[in-house]
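Novice: The structure is given below, and queries will be raised subsequently.
Nothing in this text is a laboratory measurement; each read-out follows from the coordinates by a stated rule. As the structure is a computational prediction, the values presented were derived from the model and not from experiment. Every residue, glycine as well, gets a Cβ built from its backbone with ideal geometry; the counts of neighbours run over all protein chains shown.
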Amino acid sequence: MAANSSKRESVLSLRAAEGATATGNSQVKWTAWRLKRWKAGDLVKRPADGVSADPSRESLRSDKTAGGTYNAEAESAPMSDLLKTKLFDKHVALGAKMVPFAGYDMPVQYPLGVLKEHIHTREQAGLFDVSHMGQCFIFADDGQFETAAAALEKLVPASISDLKPGQQRYSQFLNEDGGILDDLMISRLGFDGHTHKLYLVVNAGCKADDFKHITKHLPSGVSLDVADDTLSLIALQGPKAADVLGRLNPSVKDLVFMTHTDLPLTPSIWVHVSRSGYTGEDGYEISVKHDDVNELVDLLLAEDEVEMIGLGARDSLRLEAGLCLYGHDIDTKVSPIEAGLIWSVQKHRRSADAGYLGAARVAADMADKSTKRLVGILPEGRAPAREHTEIQVGGEVIGEITSGGFGPTVGGPIAMGYVARKYAKAGTDIELMVRGKARPAKVVKLPFAPHNYYRGA
Amino acid sequence: MTVKYTEEHEWVKVDGDTGIIGISVYAAKALGDVVYVELPEIGRDMAKGDEAAVVESVKAASDVYTPVAGEVIAVNEALEDAPETVNASPEGEGWFLKIKIKDAGELDALMDAAAYKSFCDGL
């Protein structure tokens, strides 16, 4: 133990010398690294159609399959056409079951299995490869944050212009009718010299369309830089995430939920890191260069608390956390208001003349008490109710389940679905039509498992 | 007792005219953690290949088909509270249902343990 901790000490001091903290020295190194890395992207506006991604929106939802054969997803694209993340070989070496997802060959589970991976993330720290997601930057040629923010505010309901450096917000791209094209995370970079830039993370299955959408609507003088060819993305989630990542650089512990910064995790590995995720747990999303991602993952996996977690547990974790999955709980047919995402639309952005695509629908759905709502649903008994299960009250169809399965932390079936507004109140008795039988369930408040976000000491 | 297997990974253990039905070790492993099993009503008449039960993992629901025709005479009620038994002992305590076999001749078309093993090896 003593030897180990003294080794840590020396590694840490080395890191400090390299600029782990915001000293004058570190700023110089940091800036130099940033400039080197971003120069090409800053100067060249990359056409969106240059992005190679399969636009098919695959899901984890499994259709009923015969005789116990587990098919995570019926898939159209042949395996050979699938894209691979830079961690593909590691997933295979770790014994992952690989499945097609959003055009990528992705790990659905490791030998631990979905149930244990889920529990491990809730109790320790789970490491996810989410490099299939789309990462990009938006910035203005005039170097002004306000210019870039104003441009993005035309496309999302969230307020962007009031983002402070290092602040992150969740929002959605809407079409003209207010339907959701995708949901995304938006960060204003926090590092000196780069605080005029916006960093976006979008869904893998939507990214090709998203980048076209952004490019189409950005005014001249504002650029989109797609970072798929340079950046991987991993997430470290769970109550031990801060301890684990803090061993590499203690500064990460100072981040609070929904903030973002750039820092080194080793003398040579610099990352964009945000305190956010898709599990309901405390944790981080770490954007790291393709060349560094395997080394970083090896460092994290060497920690006792860390296990690799597949897409299967990612889905059950986010469902327990009451978080929407694009293509299932949200799509172009629903507005952010129907999807229960009003919390992500700041008050001054809720009027029809707020100035973004779809604003009229957002305002109309807020005023119209008859629109449907996404709600949490707790089936009674043990039978899970899967996606597309019909929801009834007194024999009348009032909605449909959009995500449903088993919640390992809850210890029973859980679901989310849309119901007519008058049935959206928590405690409402409903019936779920599972295999032709009406089964009792209740509308409940989300989330199913409490959020454990870090909002400050 | 003879045990026969289907290509859909069910097994049927034959004891006189009674057939005990479950899913194979291979199937249980492929499914992952079983969280729910839905069993048929006792007395139900099933043709060969009818849906006899549903087994659900965290992510997926899968049908279990009866390997041979028969009437349901018992179900493994212990699975309602302990579905994980299917993973722990798929070809033992994790059985699903018992039927009264209608036509023992249907068993001939099924694989024995050795044939099933080589079938799985080829998957």
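Novice: Take the Cβ-Cβ distance between A:GLU396 and B:GLU93 as r, set R0 to 45 Å, and report the resulting FRET efficiency rounded to the nearest 0.05.
Specialist: On the way: r = 43 Å, r/R0 = 0.95.
Efficiency computed from Cβ-Cβ geometry: 0.60.
Novice: May I ask you to derive the relative contact order of chain B, considering only C-alpha pairs under 8 Å and at least 6 residues apart, and to give it as an integer percent? Before the final figure, lay out the partial values.
Specialist: Working: 268 pairs, mean separation 37.4, N = 123.
About 30 percent, as a whole number.
Novice: So for segment A:370-457, what are the equivalent ellipsoid semi-axes in whole Å, largest first, each being the square root of 5 times an eigenvalue of the Cα gyration tensor? Write down the numbers at each step before the final one.
Specialist: Values: eigenvalues 109, 51, 19 Å².
They are 23, 16, 10 Å, listed from largest to smallest.
Novice: Still on this model: When you have a sec, figure out the Kirkwood radius of segment A:223-371 from all distinct Cα pair distances and drop it here in Å to one decimal? Provide the component values of the computation, followed by the final result.
Specialist: Numbers: mean 1/r = 0.0563 Å⁻¹.
Value: 17.8 Å, from the Cα pair sum.
Novice: Given segment B:19-123, what count of lysine pairs have C-alpha atoms under 22 Å apart, with each pair 8 or more places apart or on different chains? Don't jump to the answer; show the numbers that get you there.
Specialist: Working: B:LYS29/B:LYS59; B:LYS29/B:LYS117; B:LYS48/B:LYS98; B:LYS48/B:LYS100; B:LYS48/B:LYS102.
Close lysine pairs under the 22 Å cut-off: 5.
Novice: Return the average number of partner chain Cβ atoms within 10 angstrom of each residue Cβ along peptide A:395-405. It would help to have the intermediate numbers written out before the result.
Specialist: On the way: counts 0, 0, 0, 0, 0, 0, 0, 0, 0, 0, 7.
The per-residue average across the peptide is 1.
Novice: Using a ≥ b ≥ c from the Cα gyration tensor of segment A:157-243 (square roots of the eigenvalues), is it rounded, prolate or oblate, where a/c under 1.5 gives rounded and otherwise the larger of a/b and b/c decides, a/b for prolate?
Specialist: Numbers: a/c = 1.56, a/b = 1.30, b/c = 1.19.
Prolate, since a/c reaches 1.5 and a/b exceeds b/c.
Novice: Using a 10 angstrom cutoff on alpha carbons, build the Gaussian network for chain B and name the most mobile of B:VAL35, B:VAL68, B:VAL12.
Specialist: Sorting by GNM fluctuation, first place goes to B:VAL35.
Novice: Moving on. Within 10 Å, count the other beta carbons around each residue, average over each peptide in A:116-128, A:209-221, and list them highest first. Intermediate values should be presented prior to the final figure.
Specialist: Working: A:116-128: 23.4, A:209-221: 16.4.
Highest to lowest by the protection proxy: A:116-128, A:209-221.
Novice: Another question, if that's okay. Taking the beta-carbon count within 10 Å as an exposure proxy, list A:VAL273, A:VAL444 from fewest neighbours to most. Kindly include the intermediate steps, with their values, before the conclusion.
Specialist: Numbers: A:VAL273 23, A:VAL444 17.
Arranged by neighbour count, lowest to highest, A:VAL273, A:VAL444 become A:VAL444, A:VAL273.
Novice: Moving on. What number results when the radius of gyration of segment B:2-102, computed over Cα atoms, is divided by 2.2 N^0.38 Å? Intermediate results must be reported in sequence, preceding the final value.
Specialist: Numbers: Rg = 12.1 Å, N = 101, 2.2 N^0.38 = 12.7 Å.
Normalised by 2.2 N^0.38 Å, the Cα Rg of segment B:2-102 equals 0.95.
Novice: Using the Cα atoms of the protein assembly as shown, I'd like the radius of gyration and the largest Cα-Cα distance, Dmax, both in angstrom.
Specialist: When restricted to Cα atoms, the protein assembly as shown yields Rg and Dmax of 26.1, 86 Å.
Novice: Return the average number of partner chain Cβ atoms within 10 angstrom of each residue Cβ along peptide A:381-388. Write down the numbers at each step before the final one.
Specialist: Numbers: counts 2, 8, 7, 9, 1, 4, 0, 0.
Going residue by residue through A:381-388 and averaging, the value is 4.
Novice: Once you have all Cα-Cα distances for segment A:321-402, histogram them in 5 Å bins from zero and send the whole-percent values.
Specialist: In whole percents, the pair-distance histogram is 3, 12, 22, 21, 17, 12, 7, 4, 2, 0.
Novice: Of the peptides A:189-202, A:425-438, how do they stack up when ordered by the mean number of other Cβ atoms within 10 Å, highest first?
Specialist: On the way: A:189-202: 20.3, A:425-438: 15.1.
Ranked from most to least packed, the peptides come out as A:189-202, A:425-438.
Novice: Obtain the radius of gyration and the Kirkwood radius of segment A:227-312 from its C-alpha atoms and give Rg over Rh. List each step's numbers first, then the result.
Specialist: Details: Rg = 11.9 Å, Rh = 12.9 Å.
In segment A:227-312, Rg relative to Rh is 0.92.
Novice: I've got another one for you. Please sort A:129-138, B:42-51, A:385-394, A:322-331 by packing, taking for each peptide the average over its residues of neighbouring beta carbons within 10 angstrom, highest first.
Specialist: Values: A:129-138: 23.8, B:42-51: 13.8, A:385-394: 17.9, A:322-331: 21.3.
Highest to lowest by the protection proxy: A:129-138, A:322-331, A:385-394, B:42-51.
Novice: Can I ask one more? Report the FRET efficiency, 1/(1 + (r/R0)^6), for B:MET1 and B:ASP81, where r is their Cβ-Cβ distance and R0 is 41 Å, rounded to 0.05.
Specialist: Values: r = 27 Å, r/R0 = 0.66.
About 0.90, to the nearest 0.05.
Novice: Just tell me how shielded B:28-35 is by partners: mean number of partner chain Cβ atoms within 10 Å of each residue's Cβ, no decimals. Could the numbers behind the result be given before it?
Specialist: Values: counts 1, 3, 7, 4, 10, 10, 3, 12.
Mean partner-chain Cβ count within 10 Å for B:28-35: 6.
Novice: Mean separation of Cα pairs under 8 Å and 6+ residues apart, divided by the residue count of segment A:370-457: what relative contact order is that in percent? Provide the component values of the computation, followed by the final result.
Specialist: Values: 199 pairs, mean separation 30.3, N = 88.
Relative contact order comes out at 34 percent.
Novice: Now for a separate question. If N is the number of residues in segment A:298-457, what value comes out of its Cα radius of gyration divided by 2.2 N^0.38 Å? Let's see the in-between values first.
Specialist: Values: Rg = 17.7 Å, N = 160, 2.2 N^0.38 = 15.1 Å.
Taking the Cα Rg and dividing by 2.2 N^0.38 Å, one obtains 1.17.
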